[in-house]
């Protein structure tokens, strides 16, 4: 059985590289779409008005994600809960069945898995966390 060396062509790379005109067109289109979404009130706005006014950050638009990072026990979960409560109030203020919020916390999943492992070890069972 003979094996052939892999063949690489420039075409594979060319499809990933954009010329300046295409890149500029894509950037302008993204900015135009983002501006329209912001004008319609879409997005996750920073929940503390005083900070948002002093440090204007555009809202997190649909299809994007947010990561909150800090050292242990520095209030990440409380901040996210506060942010979700603020968002829920805004959604209630302007009800629309198409407007939803999805929150996925890896912290909850990790803590739950650790709880199962801890309970199993107390009962003499061995759990493998993967």
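FYI, it's all coordinate maths here, none of it is from the lab. Predicted model, so just to flag it, every value in this text is computed and none were measured. Note: ideal-geometry Cβ built from the backbone for every residue, glycine included; neighbour counts use all protein chains shown.
Could you list 98, 40 so that the one with the fewest beta carbons within 10 Å of its beta carbon is first and the one with the most is last? Before the final figure, lay out each step's value.
On the way: 98 4, 40 9.
Ranked by crowding around the Cβ, least crowded first: 98, 40.
When the gyration tensor of region 43-99 is built from Cα positions, what are the square roots of 5 times its three eigenvalues, in whole Å, from largest to smallest? Please report the intermediate quantities before stating the final value.
On the way: eigenvalues 87, 40, 30 Å².
The equivalent ellipsoid of region 43-99 has semi-axes of 21, 14, 12 Å.
Between residue 22 and residue 99, what is the spin-label point distance in nm, taking each point 7 Å from the Cα along the Cα→C-beta axis?
If labels sit at residue 22 and residue 99, their model points lie 3.8 nm apart.
What is the distance in Å between the Cα centres of region 102-120 and region 54-96?
Going from one Cα centre to the other spans 21 Å.
Would you mind ranking 80, 89 by Cβ crowding within 10 Å, fewest neighbours first?
Details: 80 16, 89 10.
Fewest-to-most ranking of 80, 89: 89, 80.
Relative to the present Cα-Cα distance, how much length would full extension add between residue 82 and residue 116 at 0.36 nm per residue of separation?
Stretched out fully, the residue 82 to residue 116 stretch lengthens by 9.4 nm.
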